[in-house]
Each structure stands twice: as structure tokens, then as C-alpha cells.
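Below is one structure, written out as C-alpha cells; the observations come after it.
Bear in mind that the values in this text are calculations on the coordinates, not laboratory data. Keep in mind it's a predicted model, so treat the numbers as computed, not measured. Every residue, glycine among them, receives a Cβ derived from its backbone with ideal geometry; neighbour counts consider all protein chains shown.
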Amino acid sequence: MTYSMTAFARKEQSFDFGTLSIEIKSVNQRYLEPTFRLPETLRPVEMKLRERLKQKVKRGKLEVNVRFYAQSGADSLGVDEARLTAVQRALEKVQAQVTNTAPVNPLELLQYPGVLIDEALDIDAVNAALLNQFNDALTDFLAGRTREGEVLANAIAERLDDITTIVAAIREEAPEWVQTFRDNLREKALNLGAEINPDRLEQEVVMLAQKADVAEELDRLDGHVKECRSILKQKGAVGRKLDFLMQEFNREANTLGSKATKESITRNAVQLKVLIEQMREQVQNIE
């Protein structure tokens, strides 16, 4: 099963205590790089969210945005004294180092994240709801990755079919190469007015045929196609394996092109490189 690194999911739900909104989006990235944005009130639950995410996702640059809109009345607001004390101590250190600082407005202290709290808010209930809602959003997110991954896998499979067809076509033309070498050498010798030694001619043909032999490259290309199909069926993160395999594909196509002495073979080698580059672009989005 192939998974894409590009996906998006959003969940919003209203509760007695307010409304929770969760968004998860991701793009391709070599490693797993999650970023969480949530209110300070819910910050203690961030580690659990990270752990659940890492259990399901292995690669990608992810953004998780959590928004919370409380429904409690303004008369239930209170102050987190521990948080306020910590902020005041930090200000005292700054004032000790910086001279002529302006006095701090108490309202500014209240605006610092986590200082002003809702005393009527059941934070445990909010955290529990957040975890459940995050699981739902993560499920939708993974489903999106799966659907997109299937599209990528199908696109790669189509190009693998094309590569197999091109390799087979080159194999059919390969036996003609030796005869082409022989004819070219005989023609050059005749143009020079030289007497043709059949044994010498055959030796030259064999040497040139060995230099232009692409059987090994064709065998490797067939092997890479089989390996690629096998990897696409594996579970988990396979993007790095496929990325390495694309490099091997490209290496064989380059060698094949450098050995080509026939126009049709050259065209096929170029087409191979086009297909390989198209696959490489798809692979960049696979987990």
C-alpha cells in the first residue's frame, strides 16, 4: 500500500463547553516534521497528540492547527496565579538588565497566554474531547493519504508498463546491430579500396558489438521494473526505496543512450529517461 505525503483533513464540533476545530495538512518532506499550533489552555495535551501522530505517519511536513472557542460567560474568568508569578519574575529580570523601562500595564499581563483562565471550564473534558476529535481528523487525514497514494501508484505502474514495452522493443532490434556493424565496415573498406579480410572483419565486428552490447542494461531495467512493482505493494513508508530505485533506473537509461548507434534506439533511450523522470516526480510525494 502506497501513501501520499500530501493530504488535508478538518474536523469541527460543538460541545457544552464550546467548539473545537482541528486541521491537519501536510506536504512532502524527507523526514517527519510536525508543527502544532493550539491554545495555551490545551498545550498540556500536545505530547499525546504528537505520539498518536508519530504512530501513524512516518514522513512529511505536517501542520496541526487546533482552535478552541469557549462558551462560558465573562464572569467566570480568573487568573492563573502561578503563571502570572512566572511572567512577573521574567519581567523583573528584564528590568534589571534594561534601564528606563516603561511600567507594565496589568491588562498587558492578562493578555499573556495562560494567565487569564476560565474557572468554569472543565479542562479534563476539553482534553478528552480534543483527543477523540484528533483521532477522527487523523483517520480522515490518513484516508486522504491513501487515496492520493493509490493515484500515485497507478501513475507509476502505467509508466512501468511503458518501460517494459520499450525494453522489449530494443531487445528485438539488438540482433540487427551486429549486421549493421558488418555492413558499415565492409562499406568503409570498399570506399577506401582496401581488400577485405573476412577474419579481420569479423574480429572488428565482434569488438564493436561487445562495446555496444546493451543486454546487461536491458536486464537491469527489467529487474528494476519488477522491484518497483514489488515495493509499491509493500506496507509502510516506501518513498525512500523508490527514490533510490529511480536513480538506478536513470543510470541504466543513460548508459543505454551512450551505447546506442541506431536512431530508433536513441529515441527509445530518450523516451525511457522521460518516463523515469515522470516517475521520479511522483515518487517525491510518496511517504
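Label LYS273 and LYS48 with points 7 Å out from Cα along Cα→Cβ: what is the distance between them in nm? Result: 5.6 nm between the two label points. Ranking of TYR31, TYR3 by neighbouring Cβ atoms within 10 Å, starting from the fewest: TYR31, TYR3. Between GLN88 and GLN29, the FRET efficiency from the beta-carbon distance, with R0 = 45 Å, is close to 0.65. A simple spin-label model places pseudo-atoms 7 Å from Cα toward Cβ; at ASN250 and ALA169 they are separated by 2.3 nm.
Cβ under 12 Å from GLY223's Cβ, GLY223 left aside: what net charge do those residues give with Lys, Arg +1 and Asp, Glu -1? Local net charge: -4.
Can you pick out the pairs among LYS11/LYS58; LYS54/LYS233; LYS11/LYS273; LYS58/LYS273; LYS226/LYS259 whose Cα atoms lie more than 32 Å from each other? Please report the intermediate quantities before stating the final value.
Values: LYS11/LYS58 22 Å; LYS54/LYS233 22 Å; LYS11/LYS273 43 Å; LYS58/LYS273 30 Å; LYS226/LYS259 24 Å.
Long pairs (Cα-Cα over 32 Å): LYS11/LYS273.
Note: relative contact order over the range 31-71, using C-alpha pairs below 8 Å and six or more positions apart, is 66 percent.
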